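The values are calculated or read from the model by the stated rules, or taken from the named source; none is laboratory data. The structure presented is a predicted model; accordingly, all values stated were derived computationally and were not measured. Cβ placement follows ideal geometry from the backbone for every residue including glycine, while neighbour counts extend to all protein chains displayed.
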Amino acid sequence: MIFTLFRIFVLGLAAIPASLIALVSAPIDRTGRTFHAMARLWSTLILWMFGIKVRTRGTDLLDPLKHYIYVSNHASAFDIPAVVVGIPDDIRFVLKKELTRIPIWGWALKYGHYITIDRGNARDAIKSLDEAAMRMRNGASVILFGEGTRTRDGNLQPLKRGAFTLAVKAGKPVVPVTINNTFGILPRGSLRVRAADIEIVFDKPISVEGIEGRDGEERLMQQVQVAIARNYIQPG
């Protein structure tokens, strides 16, 4: 436990310069590549510090010249650095507004190239999805944890429709992403990190061409739910 707390302290110190560089780069580099490079560097450091490796499957299904909406399950705080490192794309997160209140790191999220959503304000949430769709049309990929929150028992949760509304608005294919073996790394309510190898599985991108309305979005949502479940390894 003491060693874990020490590593968290070191990572907290390292986060300050990385966040400041990301924050300063936001208005200068409008592409967001510098911002994402800092996120990747920080994520690599987190995983290295805790002895965690990330393996990927299915990257051959992705076209490096296309932009996607990645929709993933969510079981651990370590899912975030895992997908930053594991997704071979310049991604933008859609994340909850509460995270922007964290000093320095949260400020970088707020004023950087990620999209925040106030889940308690329906009008603000719709506005944020419109903003995300606009960014995608201008050349960016987006990732969302489709369940909305982390699983409490390791079981997959039903996906929420917001990610699929965004996909239709942006006109971009959806990539189902399954994250395996993170549930036991950092259980809820614990500070003890248990090192493990994380697996990220990319399924075949699903086109949104011809999909319209709520019914179409729900059918798309079910397709993604089935794909994630097919590749998911239930925690032992």
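Determine whether Leu13 is in a helix (DSSP H, G or I), surrounded by fewer than 15 Cβ atoms within 10 Å (Cβ to Cβ) and at pLDDT below 70.
On the way: in a helix (DSSP H, G or I): yes; surrounded by fewer than 15 Cβ atoms within 10 Å (Cβ to Cβ): yes; at pLDDT below 70: yes.
When the stated conditions are applied, Leu13 passes them.
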Positions within the stretch 188-236 being in contact with a strand residue (DSSP E or B) (Cβ under 9 Å, 6 or more places away or on another chain), among the basic types (Lys, Arg) and farther than 16 Å from Ile69 by Cβ, in sequence order: Arg230
Output for the stretch 68-106, where each listed residue is touching a Lys or Arg at 6+ places or on another chain (Cβ under 7 Å) and at pLDDT 90 or above: Tyr68, Ile69, His74, Ala75, Ser76, Val84, Val85
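Does Val208 fit the bill of being touching a Phe, Trp or Tyr at 6+ places or on another chain (Cβ under 9 Å), among the aliphatic types (A, V, I, L, M), at pLDDT 90 or above and closer than 14 Å to Ser72 by Cβ? Let's see the steps before the verdict.
Details: touching a Phe, Trp or Tyr at 6+ places or on another chain (Cβ under 9 Å): yes; among the aliphatic types (A, V, I, L, M): yes; at pLDDT 90 or above: yes; closer than 14 Å to Ser72 by Cβ: no.
The answer is no for Val208.
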Does the stretch 18-63 hold any residues that are in a loop (DSSP other than H, G, I, E, B), modelled with pLDDT under 90 and basic (Lys, Arg), and which are they? Arg30
